[in-house]
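The values are calculated or read from the model by the stated rules, or taken from the named source; none is laboratory data. These figures come from a predicted structure and were not determined experimentally. Positions of Cβ are generated from backbone atoms using ideal geometry, with glycine treated the same way; all protein chains shown enter the neighbour counts.
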Amino acid sequence: MSKYGNIVWIALVGSIWGAVELFGGDLFRAWGVPHKSALLFSLALLIMYASKRICEAAGSTIIMGLIAAAFKTVSDHFYPCQVAAIMINSIIFESAYLYLRQKFAVSLAVRTIAAPIITYISYTLFAFVATYLIRQENWVDGGVGGIIDYLTSSAVFASLLSLLTINLGHSAGEKIRRSVFIRQTNFALNYLKIVMAALALAIWITGLRY
């Protein structure tokens, strides 16, 4: 895609990610779904990797993370550590992708091995940042015991889910790239960019009115 196309794509996918974080988080909480952070992380991993199959621009995932994090601020259950979680996830994934990009594209084994490692690193870093840097009250109260419990429960569940979602992200990204961004005419691509920009705006309006 062109530079403009990349910008529109990043805005759209970042908005979709943000909507998943905002609506998904509140719905999972309302329904009493256990390990909601693991489910949200797994969905985020799918979104991040699928988007990279379309836009490989360096730093694109981090920018999408910033957009997604902005959505969390309008939640009725917003905590600063939620922004930290999204940004840590996006930075860790971006770093791993830059290092393993070619292997990710061709090897199911590499993706499947890398996914839980990426997940566990992200969870570990977040736990320590929330406890000792941001000093979120519930994390500080939990201390080391809380970190251990988190890393042996939610982190493990998220790591298992990541085995599936990273490969779903690969498949989804490939299908979108081949069916839309390669086979379309210039006119169709320009029309598609307008549609993507409109969708991103609609998601933002919906999120702000939520």
Limited to segment 1-16, what total is found for residues that are in contact (Cβ under 8 Å) with a residue 60 or more places away in the chain, in a helix (DSSP H, G or I) and farther than 10 Å from ILE203 by Cβ? 4
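Using the structure shown, decide if ALA109 is small (Gly, Ala, Ser), within 16 Å of the chain's Cα centre (by Cα) and part of a helix (DSSP H, G or I). Quick ask: steps written out before the conclusion?
Details: small (Gly, Ala, Ser): yes; within 16 Å of the chain's Cα centre (by Cα): no; part of a helix (DSSP H, G or I): yes.
Here the answer is no, as ALA109 does not meet what is asked.
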Test each condition in (1) more than 14 Å from the chain's Cα centre (by Cα); (2) buried (at least 19 other Cβ atoms within 10 Å of the Cβ); (3) over 25 Å from PHE128 (Cβ atoms) for ALA114 and report the one that comes out false. (3)
Looking at CYS81, is it part of a loop (DSSP other than H, G, I, E, B) and modelled with pLDDT under 95? no
